[in-house]
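Written out below as C-alpha coordinates is the structure these notes cover.
The values are calculated or read from the model by the stated rules, or taken from the named source; none is laboratory data. Predicted model, so just to flag it, every value in this text is computed and none were measured. Neighbour counts run over all protein chains shown; Cβ positions are idealised from the backbone, glycine included. In case anyone asks, the SASA skips ligands and DNA or RNA and just uses the protein heavy atoms, side chains included. Shrake-Rupley method; radii C 1.70, N 1.55, O 1.52, S 1.80 Å.
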Amino acid sequence: MKINTFIYTAIAASLSFGAYAQKSDGSTKSLINAEKEFAAYAAKNGEKSAFQHFTSSDAVVFRPNPVSAKSYYGSLKSDADVSWKPVYAKVSRSADWGFTTGPYVVNGAEKVYGQYLSIWKVVNGKWVLTLDIGSTHNKPLNKVTENFVEPGAFYKPKIVTDKQIAAGNDIISTTEKTLNATLKSYGSAAFAGFVNPDARVIFPGHEPIIGKERVLAFYNRMVSKMNLKTSKVEKALGGDLAYTSGLATIDYKADLRESFNYVFIYERQADHNWNLILQVYTPAER
(Lines give C-alpha, C1' and ligand atoms only; values in the text may rest on other atoms or scores of the structure.)
Protein backbone atom coordinates (compact mmCIF):
# COMPACT_ATOMS: atom_id res chain seq x y z
CA MET A 1 0.00 0.00 0.00
CA LYS A 2 1.42 3.37 -1.07
CA ILE A 3 1.16 5.95 1.70
CA ASN A 4 0.42 9.45 0.45
CA THR A 5 3.43 11.73 0.50
CA PHE A 6 1.44 14.97 0.72
CA ILE A 7 2.53 15.78 4.28
CA TYR A 8 6.20 15.26 3.56
CA THR A 9 6.02 17.22 0.30
CA ALA A 10 4.22 20.04 2.07
CA ILE A 11 6.88 20.26 4.76
CA ALA A 12 9.58 20.48 2.14
CA ALA A 13 7.58 23.10 0.27
CA SER A 14 7.51 25.26 3.40
CA LEU A 15 11.14 26.10 2.74
CA SER A 16 10.07 28.02 -0.35
CA PHE A 17 8.21 30.80 1.47
CA GLY A 18 9.21 33.22 4.19
CA ALA A 19 8.77 32.93 7.93
CA TYR A 20 5.79 35.30 7.95
CA ALA A 21 2.99 32.75 7.78
CA GLN A 22 0.62 32.64 10.73
CA LYS A 23 0.64 29.53 12.92
CA SER A 24 -2.47 27.38 12.63
CA ASP A 25 -4.24 25.88 15.64
CA GLY A 26 -6.98 24.35 13.48
CA SER A 27 -9.39 27.23 14.05
CA THR A 28 -10.98 29.67 11.63
CA LYS A 29 -9.78 32.43 13.97
CA SER A 30 -6.16 31.50 13.22
CA LEU A 31 -6.92 31.63 9.48
CA ILE A 32 -8.45 35.10 9.84
CA ASN A 33 -5.33 36.17 11.72
CA ALA A 34 -3.20 34.85 8.83
CA GLU A 35 -5.30 36.79 6.31
CA LYS A 36 -5.03 39.98 8.35
CA GLU A 37 -1.28 39.52 8.75
CA PHE A 38 -1.00 39.00 4.99
CA ALA A 39 -2.96 42.21 4.31
CA ALA A 40 -0.95 44.20 6.85
CA TYR A 41 2.31 42.97 5.35
CA ALA A 42 1.09 43.95 1.86
CA ALA A 43 0.14 47.43 3.10
CA LYS A 44 3.64 47.91 4.52
CA ASN A 45 5.81 46.10 1.97
CA GLY A 46 3.70 45.94 -1.20
CA GLU A 47 1.48 43.33 -2.81
CA LYS A 48 4.36 41.76 -4.76
CA SER A 49 6.44 41.10 -1.67
CA ALA A 50 3.42 39.84 0.29
CA PHE A 51 2.53 37.24 -2.33
CA GLN A 52 6.13 36.10 -2.49
CA HIS A 53 6.25 35.59 1.28
CA PHE A 54 2.83 34.14 2.04
CA THR A 55 2.23 31.76 -0.90
CA SER A 56 3.28 28.15 -1.37
CA SER A 57 5.65 27.18 -4.16
CA ASP A 58 2.74 25.75 -6.19
CA ALA A 59 0.22 28.54 -5.45
CA VAL A 60 -2.08 29.61 -8.30
CA VAL A 61 -3.55 33.06 -8.86
CA PHE A 62 -6.19 33.98 -11.46
CA ARG A 63 -4.95 37.17 -13.22
CA PRO A 64 -7.39 36.54 -14.91
CA ASN A 65 -6.31 33.07 -16.15
CA PRO A 66 -4.64 30.68 -13.68
CA VAL A 67 -0.88 31.24 -13.40
CA SER A 68 1.87 30.48 -10.90
CA ALA A 69 1.75 33.04 -8.10
CA LYS A 70 5.54 32.97 -7.72
CA SER A 71 6.10 33.57 -11.46
CA TYR A 72 3.40 36.23 -11.77
CA TYR A 73 4.48 38.33 -8.82
CA GLY A 74 8.16 37.67 -9.45
CA SER A 75 7.83 39.29 -12.89
CA LEU A 76 5.83 42.36 -11.78
CA LYS A 77 7.77 45.59 -12.17
CA SER A 78 5.53 47.70 -9.95
CA ASP A 79 3.23 47.22 -6.97
CA ALA A 80 -0.47 47.92 -6.81
CA ASP A 81 -1.88 49.59 -3.70
CA VAL A 82 -4.38 46.93 -2.66
CA SER A 83 -6.32 46.56 0.58
CA TRP A 84 -8.75 43.81 1.50
CA LYS A 85 -10.75 42.38 4.37
CA PRO A 86 -12.18 38.89 5.01
CA VAL A 87 -15.91 38.76 5.80
CA TYR A 88 -16.65 35.04 5.35
CA ALA A 89 -14.40 32.10 6.19
CA LYS A 90 -14.48 28.41 6.98
CA VAL A 91 -11.89 25.77 7.88
CA SER A 92 -12.19 22.02 7.38
CA ARG A 93 -12.60 19.88 10.48
CA SER A 94 -9.35 18.16 9.47
CA ALA A 95 -7.62 21.56 9.78
CA ASP A 96 -5.69 21.00 6.53
CA TRP A 97 -7.28 23.84 4.55
CA GLY A 98 -9.82 26.62 4.60
CA PHE A 99 -10.97 29.67 2.67
CA THR A 100 -11.58 33.38 3.14
CA THR A 101 -13.52 35.82 0.99
CA GLY A 102 -14.37 39.49 1.18
CA PRO A 103 -14.05 42.91 -0.47
CA TYR A 104 -10.88 44.43 -1.89
CA VAL A 105 -9.97 47.89 -3.17
CA VAL A 106 -7.21 48.83 -5.61
CA ASN A 107 -6.27 52.45 -4.91
CA GLY A 108 -5.14 54.68 -7.77
CA ALA A 109 -6.33 57.54 -9.95
CA GLU A 110 -9.60 55.62 -10.07
CA LYS A 111 -10.39 53.08 -7.38
CA VAL A 112 -11.22 49.53 -8.44
CA TYR A 113 -13.57 47.53 -6.22
CA GLY A 114 -14.15 43.81 -6.11
CA GLN A 115 -14.41 40.56 -4.16
CA TYR A 116 -11.75 37.91 -3.65
CA LEU A 117 -11.57 34.27 -2.66
CA SER A 118 -8.40 32.84 -1.14
CA ILE A 119 -7.79 29.19 -0.34
CA TRP A 120 -5.23 28.48 2.36
CA LYS A 121 -3.52 25.25 3.38
CA VAL A 122 -1.57 24.30 6.47
CA VAL A 123 2.08 23.53 5.75
CA ASN A 124 4.38 22.60 8.61
CA GLY A 125 1.88 24.03 11.10
CA LYS A 126 1.41 27.38 9.34
CA TRP A 127 -1.19 28.84 7.01
CA VAL A 128 -0.02 29.32 3.40
CA LEU A 129 -1.95 30.85 0.51
CA THR A 130 -2.42 28.35 -2.34
CA LEU A 131 -5.11 29.91 -4.56
CA ASP A 132 -6.43 33.43 -5.13
CA ILE A 133 -9.18 34.62 -7.46
CA GLY A 134 -11.16 37.83 -7.64
CA SER A 135 -13.93 39.64 -9.50
CA THR A 136 -14.60 43.38 -9.89
CA HIS A 137 -17.78 45.42 -9.43
CA ASN A 138 -18.82 49.04 -8.92
CA LYS A 139 -18.35 50.83 -5.61
CA PRO A 140 -20.25 48.67 -3.11
CA LEU A 141 -23.56 49.89 -1.73
CA ASN A 142 -24.37 46.97 0.57
CA LYS A 143 -22.68 46.04 3.82
CA VAL A 144 -21.90 42.34 4.28
CA THR A 145 -22.09 40.86 7.77
CA GLU A 146 -18.99 38.99 8.92
CA ASN A 147 -19.46 35.23 9.15
CA PHE A 148 -16.45 33.29 10.42
CA VAL A 149 -17.48 29.66 10.91
CA GLU A 150 -15.41 27.50 13.23
CA PRO A 151 -14.98 23.84 12.18
CA GLY A 152 -16.84 20.99 13.81
CA ALA A 153 -15.23 18.28 15.93
CA PHE A 154 -11.75 17.50 14.63
CA TYR A 155 -11.50 14.53 12.31
CA LYS A 156 -8.60 13.42 10.15
CA PRO A 157 -7.65 9.88 9.07
CA LYS A 158 -4.47 8.68 10.75
CA ILE A 159 -3.23 7.15 7.51
CA VAL A 160 -4.14 8.51 4.10
CA THR A 161 -3.30 6.70 0.88
CA ASP A 162 -3.19 8.08 -2.65
CA LYS A 163 -6.05 5.74 -3.50
CA GLN A 164 -8.24 7.15 -0.72
CA ILE A 165 -7.54 10.73 -1.77
CA ALA A 166 -8.32 9.91 -5.41
CA ALA A 167 -11.58 8.22 -4.37
CA GLY A 168 -12.59 11.28 -2.35
CA ASN A 169 -11.83 13.61 -5.23
CA ASP A 170 -13.82 11.36 -7.56
CA ILE A 171 -16.92 11.96 -5.42
CA ILE A 172 -16.59 15.70 -5.98
CA SER A 173 -15.85 15.23 -9.70
CA THR A 174 -18.98 13.11 -10.05
CA THR A 175 -21.04 15.75 -8.23
CA GLU A 176 -19.84 18.45 -10.61
CA LYS A 177 -20.37 16.22 -13.66
CA THR A 178 -23.93 15.63 -12.47
CA LEU A 179 -24.42 19.38 -12.04
CA ASN A 180 -23.08 19.99 -15.53
CA ALA A 181 -25.33 17.35 -17.07
CA THR A 182 -28.33 18.84 -15.26
CA LEU A 183 -27.39 22.33 -16.50
CA LYS A 184 -27.41 21.00 -20.05
CA SER A 185 -30.86 19.50 -19.58
CA TYR A 186 -32.59 22.16 -17.49
CA GLY A 187 -30.50 25.31 -17.83
CA SER A 188 -29.86 27.52 -14.81
CA ALA A 189 -32.80 25.95 -12.95
CA ALA A 190 -30.42 23.04 -12.28
CA PHE A 191 -28.74 25.03 -9.52
CA ALA A 192 -31.85 24.61 -7.35
CA GLY A 193 -30.74 21.09 -6.46
CA PHE A 194 -27.11 21.97 -5.77
CA VAL A 195 -27.09 25.32 -3.96
CA ASN A 196 -27.04 25.54 -0.16
CA PRO A 197 -29.48 27.87 1.68
CA ASP A 198 -26.57 30.13 2.73
CA ALA A 199 -24.80 30.01 -0.64
CA ARG A 200 -23.16 33.04 -2.18
CA VAL A 201 -22.08 33.91 -5.71
CA ILE A 202 -19.35 36.35 -6.72
CA PHE A 203 -19.86 37.37 -10.33
CA PRO A 204 -18.26 40.21 -12.36
CA GLY A 205 -20.17 43.48 -12.10
CA HIS A 206 -22.17 42.37 -9.05
CA GLU A 207 -21.78 42.67 -5.32
CA PRO A 208 -21.94 39.30 -3.51
CA ILE A 209 -25.24 37.53 -4.11
CA ILE A 210 -26.08 35.82 -0.82
CA GLY A 211 -28.80 33.29 -0.01
CA LYS A 212 -30.29 30.52 -2.12
CA GLU A 213 -33.35 32.47 -3.26
CA ARG A 214 -31.27 35.43 -4.44
CA VAL A 215 -28.72 33.15 -6.10
CA LEU A 216 -31.40 31.25 -8.01
CA ALA A 217 -33.14 34.48 -9.02
CA PHE A 218 -29.81 35.81 -10.33
CA TYR A 219 -29.15 32.72 -12.44
CA ASN A 220 -32.74 32.51 -13.70
CA ARG A 221 -32.69 36.18 -14.69
CA MET A 222 -29.37 36.13 -16.55
CA VAL A 223 -28.28 32.65 -17.56
CA SER A 224 -29.79 30.48 -20.26
CA LYS A 225 -27.19 27.70 -20.37
CA MET A 226 -23.89 26.92 -18.71
CA ASN A 227 -21.19 24.38 -19.44
CA LEU A 228 -18.52 23.50 -16.88
CA LYS A 229 -15.11 22.14 -17.80
CA THR A 230 -13.49 21.07 -14.54
CA SER A 231 -9.70 21.19 -14.36
CA LYS A 232 -8.97 20.70 -10.64
CA VAL A 233 -10.68 18.99 -7.72
CA GLU A 234 -9.54 18.81 -4.12
CA LYS A 235 -11.38 17.43 -1.10
CA ALA A 236 -10.35 18.16 2.47
CA LEU A 237 -9.09 15.16 4.42
CA GLY A 238 -11.87 15.76 6.95
CA GLY A 239 -14.46 15.02 4.25
CA ASP A 240 -16.50 18.17 4.88
CA LEU A 241 -15.21 20.73 2.37
CA ALA A 242 -14.00 20.57 -1.23
CA TYR A 243 -13.25 22.91 -4.09
CA THR A 244 -13.16 22.72 -7.86
CA SER A 245 -11.84 25.06 -10.52
CA GLY A 246 -12.19 25.21 -14.27
CA LEU A 247 -13.76 27.03 -17.18
CA ALA A 248 -17.46 27.96 -17.36
CA THR A 249 -19.03 28.89 -20.69
CA ILE A 250 -22.21 30.89 -20.13
CA ASP A 251 -24.97 31.59 -22.65
CA TYR A 252 -26.93 34.59 -21.42
CA LYS A 253 -30.61 35.08 -22.08
CA ALA A 254 -29.56 38.24 -23.92
CA ASP A 255 -28.11 36.10 -26.75
CA LEU A 256 -24.48 36.52 -25.67
CA ARG A 257 -21.82 33.97 -24.74
CA GLU A 258 -18.88 34.50 -22.39
CA SER A 259 -16.24 32.31 -20.77
CA PHE A 260 -15.18 32.56 -17.12
CA ASN A 261 -12.60 30.95 -14.92
CA TYR A 262 -14.35 29.66 -11.82
CA VAL A 263 -13.70 28.29 -8.35
CA PHE A 264 -16.54 26.52 -6.54
CA ILE A 265 -16.58 25.58 -2.84
CA TYR A 266 -18.66 22.55 -1.84
CA GLU A 267 -19.75 21.47 1.64
CA ARG A 268 -20.96 18.03 2.68
CA GLN A 269 -24.45 18.08 4.16
CA ALA A 270 -26.07 15.92 6.85
CA ASP A 271 -27.74 13.85 4.10
CA HIS A 272 -24.24 13.21 2.59
CA ASN A 273 -24.93 15.34 -0.47
CA TRP A 274 -22.41 17.96 -1.53
CA ASN A 275 -23.89 21.43 -1.93
CA LEU A 276 -22.37 24.63 -3.31
CA ILE A 277 -21.70 27.25 -0.65
CA LEU A 278 -19.57 29.65 -2.72
CA GLN A 279 -19.07 30.26 -6.46
CA VAL A 280 -16.58 32.77 -7.87
CA TYR A 281 -16.29 33.72 -11.55
CA THR A 282 -13.73 35.90 -13.29
CA PRO A 283 -13.56 36.61 -17.06
CA ALA A 284 -11.28 34.23 -18.97
CA GLU A 285 -8.81 35.47 -21.56
CA ARG A 286 -8.47 33.42 -24.74
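Positive-end ranking of Y281, M222, H206 along the dipole of segment 199-286, with charges on Cβ about the Cα centre, is headed by M222.
The stretch between F148 and S27 holds 42.6 nm of extra length on full extension. This uses 0.36 nm per residue minus the Cα-Cα distance. Under the simplified labelling scheme, the A270-S231 pair shows an inter-label distance of 3.8 nm, with each label point 7 Å from Cα along Cα→Cβ.
Taken over segment 126-177, the convex hull of the Cα atoms encloses 210 Å³ per residue. Extension gain, D81-Y155: 0.36 nm per intervening residue step, less the Cα-Cα distance, totals 22.7 nm.
For segment 168-262, the Kirkwood estimate of the hydrodynamic radius, built from every pair of different alpha carbons, is 14.0 Å.
Across the chain, the mean sequence separation of Cα contacts (distance under 8 Å, 6 or more residues apart), normalised by length, yields a relative contact order of 16 percent. In angstrom, the C-alpha Rg and Dmax of segment 183-237 are 12.3, 37. The three principal axes of the Cα atoms in the chain give end-to-end lengths of 56, 50, 36 Å, sorted in falling order. Taking all protein chains together and a 1.4 Å probe, the residues H53, H272, H137 rank H272, H53, H137 from largest to smallest accessible area. Each helix, a run of at least 4 DSSP H residues, gives -39500 (n - 2.57); summed and divided by the residues of the chain, these come to -8500 deg cm²/dmol at 222 nm. Taking 28 Å as the limit for the C-alpha separation, the pairs K184/K232; K85/K121; K139/K235 exceed it in the case of K139/K235.
Put +1 on the Cβ of every Lys and Arg and -1 on every Asp and Glu Cβ in the chain; which of N142, G239, F99 then has its Cα farthest towards the positive end of the dipole? Of the options given, the answer is G239. The modelled label-to-label distance between Y113 and K253, using points 7 Å beyond Cα along the C-beta direction, is 2.5 nm. Here the accessible area of segment 201-276 is 46 percent carbon and sulfur, with a 1.4 angstrom probe and all protein chains present.
Accessible surface computed residue by residue for the chain, with neighbouring protein chains in place and a 1.4 Å probe, gives 49 Å² per residue. Charged neighbours of Y266, selected by a Cβ distance under 11 Å, balance to -2 (K, R count +1; D, E count -1). Sorted on the mean count of surrounding Cβ atoms within 10 Å across their residues, most packed first, peptides 171-179, 194-202, 248-256, 94-102 read 94-102, 194-202, 171-179, 248-256.
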